[in-house]
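This report refers to the structure that appears directly beneath it.
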Amino acid sequence: MTAGQKFPIYAALVLVVGLITIAAVVAFSFAPFFSTTRSVKSIEQAKNLAEQYLSRLNQDFRVKEIMEFSNHFYVMVQEKSTGINAFELLVDRSTGAVFYEPGPSMMWNTKYGHMKWRNNSTVSMPISAQNASEYAQKWLEQNGIAAKVEEAEIFYGYYTMDVSRDTRIFGMLSVNGFSGVVWYHSWHGEFVQMVEYL
Amino acid sequence: MSLEQRPTTAIVLSLVGGSLMMLSAAMMYVMVMYAFFPYNSMGMMMGGYMSMMSNMGIPYGFISGLFLVGLVSGILVIIGAMMLRIRPEEHFAWGTIILVFSTISFLGMGGFWVGAILGIVGGAFALSWKPQQKQKRGEN
């Protein structure tokens with residue numbers, strides 16, 4: 001090592017401490033050994049996790065319905081005081097992580113989603129539930145999906161409805177209450193079972 | 001010591017690279033807190049690191065791990081750049097540190113990739129830098 005290639009002890013210390021810090025961050029973040037993840041096997045487990053999550057947010061929420069899909073558990077959350085559907089959550093099967101459902105609940109919800117800036121947290125929307133069902137049915141037909149939409153669940157800013165074939169649920173979609181745009185929930189996977197709590 | 005006796009290019013590149021790494025880490029944090037959790041994201045933040053990440057729907061701490069790797073790398077690259085300015089004679093040591101942590105920062109978005117590349121180039125410049133010899137008066 002030449003004079004220009006001095007490696008003082010404090011520089012070596014910075015290097016070592018930095019590498020250890022990053023190694024620790026990576027270990028804590030990625031290694032399953034350090035994580036407290038748990039797999040969720042039943043709807044009851046999913047409900048407990050969703051309720052724990054909701055209790056951290058607001059005391060006015062309750063779980064209205066849970067649907068088990070092959071990819072995760074879908075949770076419909078309702079406001080206790082108004083009886084209005086608030087938002088939708090997903091519970092990850094492998095980690096037990098509870099999170100806001102990406103899609104209509106996040107993007108269209110006028111009270112709990114990104115559309116809350118409109119300050120229009122109402123369920124009175126230009127498009128009625130009846131019209132929303134018609135749009136959804138038309139969308140299914142246009143996309144060659146031989147299925148029937150079930151009753152529309154009203155959320156702030158949009159509707160969500162199950163899609164069934166031969167009386168068995170096989171999917172879900174949402175319709176924007178202002179624009180009528182249909183958003184199919186393509187991320188759920190195969191329907192397994194559901195439980196309603198009201 | 002005059003300006004010419006410092007690896008100015010390496011310092012500037014590393015400072016910009018380190019700053020970009022920290023900026024991208026901060027943006028990732030904002031994205032996690034506000035884009036993924038539009039409702040009551042502050043409440044979740046109060047829940048602490050593991051609690052916050054439990055809401056991601058992906059393995060615990062995955063995104064925060066990326067954010068922290070970017071943040072730590074950015075800080076160390078900036079420290080390296082500052083030390084390079086204060087102690088240019090130790091350019092080999094600080095150049096190595098800048099190079100190592102700029103490369104590692106790729107794990108955490110690496111300052112939108114540009115920051116990591118600037119850091120690597122800055123680190124390489126620091127390693128290859130040679131101080132100019134002062135010319136004595138009257139010397140040809």
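Derivation of every value follows stated rules applied to the coordinates shown; laboratory data play no part. Just so it is clear, the model here is predicted, and its values are computed rather than measured. Note that each Cβ is placed from the backbone with ideal geometry, even for glycine, and that neighbours are counted across all protein chains shown.
Per residue of peptide A:11-19, the mean number of Cβ atoms on other chains within 10 Å of the residue Cβ is 5.
A cut-off of 5 Å between modelled amide H atoms, ignoring neighbours fewer than 5 places along the same chain, links A:G171 with A:V163.
Projecting label points 7 angstrom from Cα along Cα→Cβ for A:K116 and A:I145 puts them 2.8 nm apart. Restricting the calculation to alpha carbons of segment A:43-196 gives Rg and Dmax of 14.8, 43 angstrom.
From the helices alone, meaning DSSP H stretches of at least four residues, give me the mean residue ellipticity at 222 nm for chain A, per-run term -39500 (n - 2.57), in deg cm²/dmol to the nearest 500.
Details: 4 runs with 55 residues, N = 198.
That calculation yields -9000 deg cm²/dmol at 222 nm.
Note on chain A: GNM, Cα springs under 10 Å; of A:T122, A:T21, A:T110, the largest mean-square fluctuation is that of A:T21.
Just checking the listed ones, A:Y53, A:Y74, A:Y159: in the Gaussian network model of chain A with Cα springs under 10 Å, the one fluctuating most is A:Y53. Pair-distance distribution of segment B:83-130: all C-alpha pairs, bin width 5 Å, starting at 0; shares per bin in whole percent are 6, 28, 29, 19, 12, 6, 1. Listing B:W129, B:W113, B:W94 from fewest to most neighbouring C-beta atoms within 10 Å gives B:W113, B:W129, B:W94.
Counting alpha carbon pairs within less than 8 Å and at least 6 residues apart, what relative contact order, in whole percent, applies to chain A?
Values: 350 pairs, mean separation 35.0, N = 198.
For chain A, the relative contact order is 18 percent.
Angle of helix A:129-142 to the longest C-alpha principal axis of chain A, folded into 0 to 90 degrees and rounded to 10: 70°. Cross-link reach is defined here as a Cα-Cα straight distance under 12 Å, omitting same-chain residues fewer than 8 places apart; for B:K130 the aspartates and glutamates meeting it are B:E4, B:E89, B:E90. Straight Cα distances below 15 angstrom link A:K111 to the aspartates and glutamates A:D60, A:E79, A:E88, A:E101, with same-chain residues fewer than 8 positions distant left out.
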